[in-house]
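Undergrad: One structure coming up, written as structure tokens, with questions to follow.
The values are calculated or read from the model by the stated rules, or taken from the named source; none is laboratory data. No experiment lies behind these values; they were computed from the predicted model shown. Note that each Cβ is placed from the backbone with ideal geometry, even for glycine, and that neighbours are counted across all protein chains shown.
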Amino acid sequence: MIKTVKELAEHINGQIIGDETLKISGAATLSEAGEGDVTFLANMKYEKELQSTAASVVVVGETVESKGLTLIRCKDPYYSFMQVVVLLHGHREHEPVGISPKSSVSDSAKIGKNADIHDFTTISSNAVIGDNTTIYPNCTIGPGTRIGNDCIIFPNVTVYDGCTIGDRVTIHSGSIIGQDGFGYATHDGVHHKIPQIGGVIIEDDVEIGANCSIDRATLGNTVIGHGTKMSNQVAIGHNTTVGHDSLLVAQTGIAGSVHVGHHCIFGGQAGVVGHITIGNGVRVSAQAGVTNNLEDGQIVAGSPALPITQAKRAMMVMKDLPELRKKIRELDKTLRHFTKDNHLDT
Amino acid sequence: MIKTVKELAEHINGQIIGDETLKISGAATLSEAGEGDVTFLANMKYEKELQSTAASVVVVGETVESKGLTLIRCKDPYYSFMQVVVLLHGHREHEPVGISPKSSVSDSAKIGKNADIHDFTTISSNAVIGDNTTIYPNCTIGPGTRIGNDCIIFPNVTVYDGCTIGDRVTIHSGSIIGQDGFGYATHDGVHHKIPQIGGVIIEDDVEIGANCSIDRATLGNTVIGHGTKMSNQVAIGHNTTVGHDSLLVAQTGIAGSVHVGHHCIFGGQAGVVGHITIGNGVRVSAQAGVTNNLEDGQIVAGSPALPITQAKRAMMVMKDLPELRKKIRELDKTLRHFTKDNHLDT
Amino acid sequence: MIKTVKELAEHINGQIIGDETLKISGAATLSEAGEGDVTFLANMKYEKELQSTAASVVVVGETVESKGLTLIRCKDPYYSFMQVVVLLHGHREHEPVGISPKSSVSDSAKIGKNADIHDFTTISSNAVIGDNTTIYPNCTIGPGTRIGNDCIIFPNVTVYDGCTIGDRVTIHSGSIIGQDGFGYATHDGVHHKIPQIGGVIIEDDVEIGANCSIDRATLGNTVIGHGTKMSNQVAIGHNTTVGHDSLLVAQTGIAGSVHVGHHCIFGGQAGVVGHITIGNGVRVSAQAGVTNNLEDGQIVAGSPALPITQAKRAMMVMKDLPELRKKIRELDKTLRHFTKDNHLDT
């Protein structure tokens, strides 16, 4: 689709600096954009790339200077750029296939209007699939599981029995929802399986990356709050609840029975031990290991995790440890020597 | 199923304190249980929840006081609670489907009595599937692989060629058994693949979580000992052997050619380097990185891993490092100043 | 297949010390080899096992002494052993199945000569599959995706739409290529999805382990350079480029927009933050966390990662931290005491 700079600016309610008649057909990063492309500048760290970009127009914040480039100024350039990309390219489209004759749909399952069930996908007994939901090939939706409207389930996803998925949920390939939690009662050295009779609730507007694993609850439900987004290979333990609008970067692992608040952010490979409570708006750095409850708004780093300023200061000293040890030894030597040679009391 | 407190107590050989006629139909945690539910108290950390629980009966240790609640006292309350949950709810049941006409079973494969092969599952040439084993949709069992009796293989599992799975093994969705180990001979900067001609042996009563990956051996076998349980996204390298009755929490990674003893426990995101030996009954904390052999019974934490008391003490000091550095600088300054001003020998 | 020591030596251009007529039919490690087996000694750490091995012949370096064993001496014993294993056992063979009637191939897809499309695999519209490529069961190749010649795609792999896979690429089971990158524009506390309109390019001779996840680019391409090998559960973020002939050990995670050079090695569970540049020939230790650009040839360890000698020295001191703190307190006390008791100026 081709749009003029004017059309783009109107769409995002931005102010044009430069040529409003330029035609835009693509979007790219500052360094990769060429003629006919829109790009954006949200992080001022990249401001110098404005001088070298070949983009036709740049979506920028309200105070950025043009330097000869055509700009569209707006309040939130990254958000506005997202809107422009959606205008130009749209979201991925899903070919309507209906209920494939090569799928396997139980007689007792209910399939919504305009839902697409692709080849080699199994909809088990008493499962319910909402309207306009697309389930790609090689998925299994377990007995009694309910999937809402307007969901997209990519290939090779398994949702076990008795789970509930909201509306507008996207699950990427290879993710597994509702496998048994890791619960055993150990007796005389043998691990006896505790039946995992709970379920999983994935609320509306959640997006789950590839190869994630969300345990079903032992009793009750594991819950992922609405609007929360996970990247790839995230693991969530049984009975854990993650609040709404949180972000979990790739390879994050949260153990069982954790209560995570809303609007939390977990960096890549972050870990959280079981049975703790994490407040709202908490940020956990990549590779951090959270071992204690965290209050609202805390920002932590390190393993075990500390408040970030404390962690960063400690990490700064880490590399100087050998030198510090040397200095301590010198001080010790000096002091011994000194008290001895000067016949002073200690 | 509904049982009386008396029936539950008899089942677990426990002592009733209170009303043996109460009817129990469900199980829940102390905080979530309501009327008609049984719950348990195993960790005395939660003892105060006895006062607020709405459960009808609580399975507790032998010395716990009733505070007006109906209790069932027993030696190992978590184990006994597990038995009660199994009595009330049973384990997951698997609908018998036989060999689905929508599966693909090689003429040379052997399928045991009462085995269930679901839609879109492939049983390759010369594979052997035991009696009463259920293989859910979209699995592939490779050529010559043998799976024992009473196994449950959830959807989207791949077991490569030439692997051996024992009896009563459960493999959750998305797990992969027997992919090639990571073996290359690097010559002139190019990595040449070493054929991975070994296999994988999963012994009896193993449970494997979702999205795990267990490499086949280069030569010989990668072995997971009987009764060992893995949570999700565990990765096991080629030629590694894990002893019996061990527990591997989610996202644990064990490199190749490691020998792990029996009854070991690995916390979440723990890592183990290749070519080392870990004794029996070893405990590795979450996110620890094991880089050396460990003796029987060692408990380690940290990356690189240290004995846990040493690691905990070191971690305690970590946060004080900036202060310690400051103190060292002060001492240094004082001492210099001091020796100079007092014309003392050093 | 049975070969004589002479035939093996000729194949790898090695020098025989001992009996060239011995018959060899298998390969095994030093400790596991028996009569009729070839083994190797590449790491001199295992030299003492030469005395106890039951192997018939050992492939060794040019200066290793025989101690009564038959040896084949050569420059690069591990590489030569690999060649011997290939000679004896070959690489895995793939039964030719053609295009299975139980697969689902779009009318607009193009399938190369001698390609094998197994049961329950979907080749979507406008996808192109090269000659001699094997795609095992339960895979989905998305619309418009191109896969080169001589590739092997194991079961349960998903390659999303618009990706490009080179020649001689191997993808193990459960890996996902081309899922949406983790990109949202957060506005008023809600995360709005940024369309991920880029793709993934996997160059020639790449091997990808089980359950890996490689994000498609937001714009442009995520690229895995030729000859690069990944173990299991590796996660690569959107727009990241990994240079050729690199090695990524299991559970490594590289965030988005990272530029990694060629011939890099990442240890298990290593992590790399987004938007940085890593030079050529860089080595990142297991569990390290790379947070800054790295120059060519750097070797780093720790989280956050430091040059390895610095990191190792710091880690050595870590365990002594409690003792160092104690020493500092003593010094402080001594010094205070001392200045006070001796009426000296400070």
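Undergrad: Hey, can you tell me all the residues within segment B:19-38 that are touching a helix residue (DSSP H, G or I) at 6+ places or on another chain (Cβ under 8 Å) and either buried (at least 16 other Cβ atoms within 10 Å of the Cβ) or within 14 Å of chain A (Cβ to nearest Cβ) (or both)?
TA: Answer for segment B:19-38, where residues must be touching a helix residue (DSSP H, G or I) at 6+ places or on another chain (Cβ under 8 Å) and either buried (at least 16 other Cβ atoms within 10 Å of the Cβ) or within 14 Å of chain A (Cβ to nearest Cβ) (or both): B:Glu20, B:Leu22, B:Ile24, B:Ser25, B:Gly26, B:Ala27, B:Leu30, B:Ser31, B:Val38.
Undergrad: Collect the residues in segment B:110-123 that are in a loop (DSSP other than H, G, I, E, B) and facing another protein chain (nearest Cβ under 10 Å), keeping them in residue-number order.
TA: Within segment B:110-123, B:His118, B:Asp119, B:Phe120, B:Thr121 meet the criteria.
Undergrad: Every residue in segment C:134-147 that is over 20 Å from B:Asn156 (Cα atoms) and either without any contact (Cβ under 8 Å) to a residue 12 or more places away in the chain or part of a loop (DSSP other than H, G, I, E, B) (or both), please.
TA: Passing the criteria: C:Pro143, C:Gly144, C:Thr145.
Undergrad: Right, another one. Residues in segment B:162-171: is at least one under 19 Å from A:Asn211 (Cα atoms) and assigned to a loop (DSSP other than H, G, I, E, B)?
TA: No, segment B:162-171 contains no residue that is under 19 Å from A:Asn211 (Cα atoms) and assigned to a loop (DSSP other than H, G, I, E, B).
Undergrad: Give the residue, chosen from C:Asp107, C:Asp131, that is more than 28 Å from the chain's Cα centre (by Cα) and either assigned to a strand (DSSP E or B) or free of Cβ contacts under 8 Å to residues at least 40 places away in the same chain (or both).
TA: Criteria check complete, one pass: C:Asp107.
Undergrad: Still on this structure: Given the conditions (1) modelled with pLDDT of 95 or more; (2) not in a strand (DSSP E or B), and given that B:Thr218 satisfies all but one, which numbered condition is not satisfied?
TA: Unmet for B:Thr218, out of (1) modelled with pLDDT of 95 or more; (2) not in a strand (DSSP E or B): (1).
Undergrad: So which residues in segment A:243-276 are in contact (Cβ under 8 Å) with a residue 60 or more places away in the chain and within 7 Å of another protein chain (Cβ to nearest Cβ), if there are any at all?
TA: none
Undergrad: Does at least one position in segment B:76-92 carry a residue that is free of Cβ contacts under 8 Å to residues at least 40 places away in the same chain and more than 30 Å from B:Gly166 (Cβ to Cβ)?
TA: For segment B:76-92, residues free of Cβ contacts under 8 Å to residues at least 40 places away in the same chain and more than 30 Å from B:Gly166 (Cβ to Cβ): present.
Undergrad: Report, by residue number, each residue of segment B:55-90 that is part of a loop (DSSP other than H, G, I, E, B) and either within 24 Å of A:Asp188 (Cβ to Cβ) or in contact with a Ser or Thr (Cβ under 9 Å, 6 or more places away or on another chain) (or both).
TA: B:Ala55, B:Ser56, B:Gly61, B:Glu62, B:Thr63, B:Val64, B:Leu69, B:Cys74, B:Lys75, B:Asp76, B:Gly90 - these are the residues of segment B:55-90 that are part of a loop (DSSP other than H, G, I, E, B) and either within 24 Å of A:Asp188 (Cβ to Cβ) or in contact with a Ser or Thr (Cβ under 9 Å, 6 or more places away or on another chain) (or both).
Every residue, every condition in (1) part of a loop (DSSP other than H, G, I, E, B); (2) within 11 Å of chain C (Cβ to nearest Cβ), yes or no:
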| site | (1), (2) |
| --- | --- |
| B:Asn280 | yes, no |
| B:Gly297 | yes, no |
| B:Pro304 | yes, yes |
| B:Thr309 | no, yes |
| B:Ala314 | no, yes |
| B:Leu324 | no, yes |
| B:Thr334 | no, yes |
| B:His337 | no, yes |
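Undergrad: Still on this structure, I have one more. Does C:Gly220 fit the bill of being crowded, with 24+ Cβ neighbours inside 10 Å, more than 14 Å from the chain's Cα centre (by Cα) and within 8 Å of another protein chain (Cβ to nearest Cβ)?
TA: no
Conditions (1) away from chain C (no Cβ under 14 Å); (2) surrounded by fewer than 22 Cβ atoms within 10 Å (Cβ to Cβ); (3) polar (S, T, N, Q), marked per residue:
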site: B:Gln51; (1), (2), (3): yes, yes, yes
site: B:Val59; (1), (2), (3): yes, no, no
site: B:Thr63; (1), (2), (3): yes, yes, yes
site: B:Pro77; (1), (2), (3): yes, no, no
site: B:Val84; (1), (2), (3): yes, no, no
site: B:Leu88; (1), (2), (3): yes, yes, no
site: B:Ser100; (1), (2), (3): no, yes, yes
site: B:Ser125; (1), (2), (3): no, yes, yes
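Undergrad: Note down all Cβ pairs under 6 Å where the first residue falls in segment A:28-50 and is assigned by TED's automatic domain parsing to the domain that holds A:Arg73, the second is charged (D, E, K, R) and not in a helix (DSSP H, G or I), and they're at least six residues apart or on different chains.
TA: Taking only residues 6 or more apart or on different chains, the pairs are A:Ala28/A:Asp37; A:Leu50/A:Lys67.
Undergrad: Can you work out which of the residues in segment A:226-242 that are more than 9 Å from chain C (Cβ to nearest Cβ) and crowded, with 23+ Cβ neighbours inside 10 Å is farthest from A:Gln179 (Cα to Cα)?
TA: The selected residue is A:Val242.
Undergrad: Across segment B:183-197, what is the number of residues that are surrounded by fewer than 21 Cβ atoms within 10 Å (Cβ to Cβ) and not in a strand (DSSP E or B)?
TA: Count: 3.
Undergrad: Of the numbered conditions (1) at positive phi; (2) crowded, with 18+ Cβ neighbours inside 10 Å, B:Leu8 satisfies every one except a single condition; which is it?
TA: (1)
Undergrad: So C:Gln233 fits all but one of (1) of a type outside the set (Lys, Arg); (2) modelled with pLDDT of 95 or more; (3) on the phi < 0 side of the Ramachandran plot; what number is the exception?
TA: Going through the list (1) of a type outside the set (Lys, Arg); (2) modelled with pLDDT of 95 or more; (3) on the phi < 0 side of the Ramachandran plot, C:Gln233 breaks only (3).
Undergrad: Can you work out which of the residues in segment B:168-188 that are of a type in the set (Ser, Thr, Tyr) and free of Cβ contacts under 8 Å to residues at least 24 places away in the same chain is nearest to the other protein chains (Cβ to nearest Cβ)?
TA: Only one residue fits best here, namely B:Tyr184.
Undergrad: For A:Asn138, work out the one condition from (1) among the polar types (S, T, N, Q); (2) assigned by TED's automatic domain parsing to the domain that holds A:His11; (3) at pLDDT 95 or above it doesn't fulfil.
TA: (2)
Undergrad: Right, here's the next one. Go through A:Val273, A:Val300, A:Val284 for me and flag whichever is within 24 Å of B:Ala314 (Cα to Cα), in contact with a Pro (Cβ under 8 Å, 6 or more places away or on another chain) and β-branched (Val, Ile, Thr).
TA: Answer to the selection: A:Val300.
Undergrad: Right, another one. Go through segment B:147-167 and give me each residue that's among the polar types (S, T, N, Q) and more than 14 Å from chain A (Cβ to nearest Cβ).
TA: B:Asn149, B:Thr164
Undergrad: Taking A:Gly302 as the residue in question, decide whether it is of a type in the set (Gly, Ala, Ser), in the same structural domain as A:Val200 (by TED's automatic domain parsing) and out of contact with any helix residue (DSSP H, G or I) (no Cβ under 7 Å at 6 or more places or on another chain).
TA: So A:Gly302 fails the test.
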